Amino acid sequence: MIDEHGATADAQPVLHAIGRLPGIDGHLPDRPTWACAAPDCPDPWPCPHARERITAAANGDRVDLSITMAQVLNVAVSDLVHVPGDHDLFRRMLAWTR
Ligand SMILES: [Zn+2]
């Protein structure tokens, strides 16, 4: 059954997988704002550190990287629809993977 929460629930494993990446060191999304949760990191997530770790995990497979970040985008949209501001989610979550 697909409901309004189905897509988000299905996308959760991607965040768990990112949380287990070697060297991610807490550079994970602080939901629902999607700031970086690492204490000294000023950047919105995915911050440069997170992008580097996620890219390394894709091992050169740009399609895999794009799929991963499309799943992340799905979760981010569900959260940020309730957070005021211009989040430019396509650029933030997907454009950098190309
Ligand atoms: Zn960070």
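Structure summary
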| item | result |
| --- | --- |
| Selection within the stretch 45-91 - open to solvent by less than 30 Å² (accessible area, probe 1.4 Å) and out of contact with any helix residue (DSSP H, G or I) (no Cβ under 8 Å at 6 or more places or on another chain) | Trp45, Cys47, Asp79 |
| Residue in the stretch 16-38 that is open to solvent by less than 60 Å² (accessible area, probe 1.4 Å) and away from the ligand (no atom under 14 Å from the Cβ) present | yes |
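The values are calculated or read from the model by the stated rules, or taken from the named source; none is laboratory data. This structure is a prediction, so every number in the text was calculated from the model and none was measured. Every residue, glycine among them, receives a Cβ derived from its backbone with ideal geometry; neighbour counts consider all protein chains shown. Ligands, DNA and RNA are stripped out before the accessible areas are found, and what is left, the full protein with its side chains, is counted by its heavy atoms. Shrake-Rupley method; radii C 1.70, N 1.55, O 1.52, S 1.80 Å.
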